[in-house]
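Each value in this text was obtained by applying a stated rule to the coordinates, not by laboratory testing. In this text, all values refer to a predicted model and were calculated from it rather than measured experimentally. FYI the Cβ positions are ideal-geometry reconstructions off the backbone, even for glycines, and counts take in every protein chain you see.
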Amino acid sequence: MDIYATKGTFLALQLSGHRCKRIRAGNQFKLGDFDIMPFKTVHDAAEPVGFLIANSKGEKLLFLTDTAYCEYKFKGLTQIMIECNFSNDILNDQDMPTGQKQRLLDSHMSLERVLDFFEENDIGKLEEVHLIHLSDGNSDEKLFKRKVQEVVGVPVYVCGA
């Protein structure tokens, strides 16, 4: 099976070989019927990226996880899979080491940032949203689903719950 990742990811995981296919943020590539545009994300990993995946039918899936926020704007999205790791209110009520709390703030997306993302992007063609990478102790599945659904007006699913 081919593995598609950035150089930084391959180096960090010490992976190499003919099945390792290097991708770069900002360089679109084709995989079967899909056009895939990797873009930079903000996380404490080696060269992380998110993906905008489009097909010939005009469908566009945004996959965005392990990032503190998204600096890009997207048009015509039909599906979104987005990290919604924690809520600032829940996190502030938690008793955890300062370093751990700061890491969450610096490298993971909060409910508040997710809601801002939807307000700043074109969601007129949106059909569904999948919330991913919720924190076990710093999230509330029902609250997150309700808040996002109020903004997007389409079905919202929580993956892994």
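The table for this structure:
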{"item": "Extension gain from Y157 to D95, taking 0.36 nm per residue of separation minus the Cα-Cα distance", "result": "19.4 nm"}
{"item": "Sorted by Cβ neighbour density within 10 Å, fewest at the top, the residues D116, D122", "result": "D122, D116"}
{"item": "GNM top mover of L143, L11, L31 - the chain, alpha-carbon springs below 10 Å", "result": "L31"}
{"item": "Highest-fluctuation residue, S110, S16, S135 considered, GNM on the chain with Cα pairs under 10 Å", "result": "S16"}
